[in-house]
Amino acid sequence: EYMSVQDVAAYTSLTPDFWNKLRCEGGGPRYVKISARVIRYRRSDVDAWMEERMRLSTFQEAAA
């Protein structure tokens, strides 16, 4: 399933601006650039990206 930036923002409870900035800085999940103004994310890529950021404590991040 492909999702727009607005769909991903709603799905993750993050703003479209967050996703746009993340993409421009070279971070975040893979996406499809259909045209200059049309970006789509696969739900599975968003889920995998979020899963990679799962932590049990703040110590995990410092140790990683």
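The values are calculated or read from the model by the stated rules, or taken from the named source; none is laboratory data. Remember, predicted model here, so these are calculated numbers, not experimental data. Please note: Cβ atoms are built from the backbone with ideal geometry, for glycine as well, and neighbour counts cover all protein chains shown. The protein model used for the area step is the full one, side chains on, heavy atoms only, and it has no ligands, DNA or RNA in it. Shrake-Rupley method; radii C 1.70, N 1.55, O 1.52, S 1.80 Å.
Please work out if VAL46 is surrounded by 15 or more Cβ atoms within 10 Å (Cβ to Cβ) and either in contact (Cβ under 8 Å) with a residue 60 or more places away in the chain or at negative phi (or both). Yes; evaluated as a whole, the condition is true for this residue.
Filtering the range 4-22 to residues that are open to solvent by 70 Å² or more (accessible area, probe 1.4 Å) and not acidic (Asp, Glu) leaves GLN6, ALA10, TYR11, SER13, THR15, PHE18, LYS21. Would you point out the residue of the range 55-64, among those that are open to solvent by 100 Å² or more (accessible area, probe 1.4 Å) and in a helix (DSSP H, G or I), that is modelled with the lowest pLDDT? By that ranking, first place goes to GLU61.
Does at least one position in the range 4-22 carry a residue that is of a type outside the set (Val, Ile, Thr), modelled with pLDDT under 95 and out of contact with any Asp or Glu (no Cβ under 6 Å at 6 or more places or on another chain)? Scanning the range 4-22, I find no residue that is of a type outside the set (Val, Ile, Thr), modelled with pLDDT under 95 and out of contact with any Asp or Glu (no Cβ under 6 Å at 6 or more places or on another chain), so the answer is no. None of GLU1, GLU25, GLU52 is touching a residue at least 40 places away in the same chain (Cβ under 8 Å), open to solvent by 100 Å² or more (accessible area, probe 1.4 Å) and of a type outside the set (S, T, N, Q) except GLU1. Do the conditions hold for ARG37, that is, is it exposed (fewer than 14 other Cβ atoms within 10 Å of the Cβ) and among the basic types (Lys, Arg)? Answer is yes for this residue.
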